[in-house]
1. Roughly what percent of Cα-Cα pairs across region 87-127 reach past 16 Å?
2. If each residue of separation counts as 0.36 nm, what is the full-extension length gain between Asn61 and Ser104 once their alpha-carbon separation is subtracted?
3. Quick one: of Lys74/Lys186; Lys125/Lys156; Lys74/Lys183; Lys111/Lys156; Lys85/Lys183; Lys22/Lys156, which pairs are farther than 28 Å apart, Cα to Cα?
4. Using the per-residue mean of other Cβ atoms lying within 10 Å as a proxy for protection, in what order, highest first, do the peptides 144-150, 58-64 fall?
5. Could you list log10 I(q)/I(0) for region 10-186 at q = 0.14, 0.16, 0.19 Å⁻¹, which the Debye formula gives when each Cα is one point scatterer?
6. Once the other residues with Cβ under 11 Å from the Cβ of His71 are scored (Lys, Arg +1; Asp, Glu -1), what is the net sum?
7. Spin-label point model (7 Å from Cα, Cβ direction): what's the Val14 to Lys74 distance in nm?
Amino acid sequence: MMDEYEQTKHQILVSGNVRVLKPWEIRMILSVIPKNDYRTIFKALLYSGMRYIEMQRLQENTKWFNGSCIHLSKEAMRKKKMKLKERDVHLSPVGREVISAFISINTKVPKYSAWTEDLVRWATKAGLDTRFLGPKTTRKTYESFLISYYPEKTLKIAQSQGHTTDTALEHYLNLNFSEQDIKDMKDFVEGWN
């Protein structure tokens, strides 16, 4: 009989028609991304949980990153249904290193549609299911990891991601991560504050 981890290993997680990756799936994708700059972009999107357009704008406005967090003003976010006027994107120690690397690369964040094609290509090469993959995948994955690993910090996580607590709870709390998945999230979220 299979244990819980083996039973859930091949089930994909979806939140609002967007794929949420498990830690082992992230590692598989990272292992097949051929260019270092594209690995850096993928990691920056993941470890910040920022919206795709925000990451593109950060690349043009590196001063938003102060070495410990990323400050986004209303002008930076430019989201129509935005609840917060501005926000600080909190980062883990690894996230700070990744963002430092990201702002120093010369490769521009690709167009939204090109990034979707890249994700599908990498997932295929890694032998993963490609359904529901897209530019929102890393954002939803990271917020899911943070809320699963630090449920006591849900309000702070939601604010950092630009969501209300209700949105965070509705979309991210009830995903079917195994106990092993949650343990494996440590490498991605440890030290987030």
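1. Details: 490 of 820 pairs.
In whole percent, the share of Cα-Cα pairs in region 87-127 beyond 16 Å is 60.
2. Numbers: separation 43, 0.36 × 43 = 15.48 nm, distance 1.18 nm.
Using 0.36 nm per residue and subtracting the Cα-Cα distance, I get 14.3 nm.
3. Details: Lys74/Lys186 31 Å; Lys125/Lys156 36 Å; Lys74/Lys183 35 Å; Lys111/Lys156 30 Å; Lys85/Lys183 34 Å; Lys22/Lys156 22 Å.
Over 28 Å Cα-Cα: Lys74/Lys186; Lys125/Lys156; Lys74/Lys183; Lys111/Lys156; Lys85/Lys183.
4. On the way: 144-150: 22.0, 58-64: 15.0.
Ranking, from highest mean packing down: 144-150, 58-64.
5. So the normalised log intensities are -0.72, -0.97, -1.42.
6. 0
7. 3.7 nm
Read-outs: derived from the displayed coordinates by stated rules, not from any lab. Remember, it's a predicted structure, so these values are computed and weren't measured experimentally. All Cβ positions, even for glycine, are placed from backbone atoms using ideal geometry, and neighbour counts span all protein chains on display.
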